[in-house]
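The values are calculated or read from the model by the stated rules, or taken from the named source; none is laboratory data. The model shown is predicted, which means the values in this text are computed figures rather than measured ones. Methodologically, a virtual Cβ is constructed for each residue, glycine included, from the backbone with ideal geometry; neighbour enumeration extends over all protein chains shown.
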Amino acid sequence: MGEQLRVLVTGGNGNLGSWISDSLASAGHSVTILGRTRNQFIKNRDYAFIPCDLTDREQVRSQLKGCAFSHVIHMSSANDAGSPDYSELAFRVNTLGTKYLLENLDLASLKGFQYFSTFHVYGRNSGRITEEIPPNPRHDYASTHLFAEHYVQQYHNTHGLPYVIWRLSNSYGAPKFVDSTKWYLILNDLSRMAFEKKEIRLNSNGRAQRDLIWMGDVCKIVERALNVTPSLNSSYNLGSSKTYRMLDVAHAVQKAYEEAYGDALPIHLNDQDTTEHDQALLFDCSKLQKIIPFEAVENFKAEAKKIFQLLEENMS
């Protein structure tokens, strides 16, 4: 095992954050999670936990006072775009929360800062998407992440912050805890639908395309980036560079269900949806591949089975 690093993971008790926290701890690193509340994930683990609302500048200052970390993985984000006050919430959490975090970290001890942004900053869902494409956000979730990116780059320019910005596509993996707020994500939603309804019913024709990356692959890349010297100091697309239709994911869940329970699982499409989705999508991650080579795996079926098991355990 290599050097033990002191890592702060903001939002480390969230959907992807919980995967990354567990992965870093399994690799022998000292993990501290910063989040608003002690949810089920935290209660089932022995991680050091800093309760903190990143929108409260004074609270961030007091909670981080005297703390020193070698690395920070910043994942805290406001994702509930359906709320009526989302614009203000997203700006306070995603943008100002990032600023408050940066101004209160012990930068002298910090060897790396990884910020999780989103591919939505490009404002595109088709064609070849590279880091050379100028950002063109189309909603508050994207805009507030882009503003946060600028704060990270600002601190690099003014304080020498060693950083990497991940423009993440769509990650998937079984939730670590049943009270996750991310059951609306495609694999989680279809797997729970299969488990509870004994069928899959799509609201579309299933032809929409997404770049989907397994959370296990994201964890490996994050861990490898901890040891990249000198720091990457740039923005990188983080995805699988593989395109999947929603129907592909549904078929994987169908196979997982039939293997797990021995029963047929029907898939129903919306025949009224005539959208063609004929424009190809390539989320190009070649810039990252030059620094951290990786081969993304397709793990839908295995993760769907884990979701079934999680739901079964919750029933007992």
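One table, with the values for the structure above:
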read-out: Residue within region 167-187 that is in a helix (DSSP H, G or I) and either touching a His at 6+ places or on another chain (Cβ under 6 Å) or in the same structural domain as Ala304 (by TED's automatic domain parsing) (or both) present; value: yes
read-out: Residue list for region 143-186, restricted to those being of a type in the set (A, V, I, L, M) and more than 14 Å from the chain's Cα centre (by Cα); value: Leu146, Ala148, Val152, Leu161, Val164, Val178
read-out: Leading residue by the ranking (surrounded by the most Cβ atoms within 10 Å (Cβ to Cβ)) among those in region 174-205 that are among the small types (Gly, Ala, Ser) and more than 23 Å from Gly82 (Cβ to Cβ); value: Ala194
read-out: Sole exception among (1) assigned to a loop (DSSP other than H, G, I, E, B); (2) closer than 19 Å to Gly11 by Cα for Tyr100, by number; value: (1)
read-out: Qualifying positions in region 143-191 - aromatic (Phe, Trp, Tyr) and closer than 22 Å to Lys111 by Cβ; value: Tyr151, Tyr155, Tyr163, Trp166
read-out: Subset of region 114-130 [touching an Asp or Glu at 6+ places or on another chain (Cβ under 8 Å) and not in a strand (DSSP E or B)]; value: Phe119, Val121, Thr130
read-out: Filtered residue count, region 51-63, keeping only those that are within 21 Å of the chain's Cα centre (by Cα) and touching a residue at least 40 places away in the same chain (Cβ under 8 Å); value: 2
read-out: Search result, residues across region 255-281 that are of a type in the set (Asp, Glu), surrounded by 13 or more Cβ atoms within 10 Å (Cβ to Cβ) and more than 30 Å from Ile129 (Cα to Cα); value: Glu258
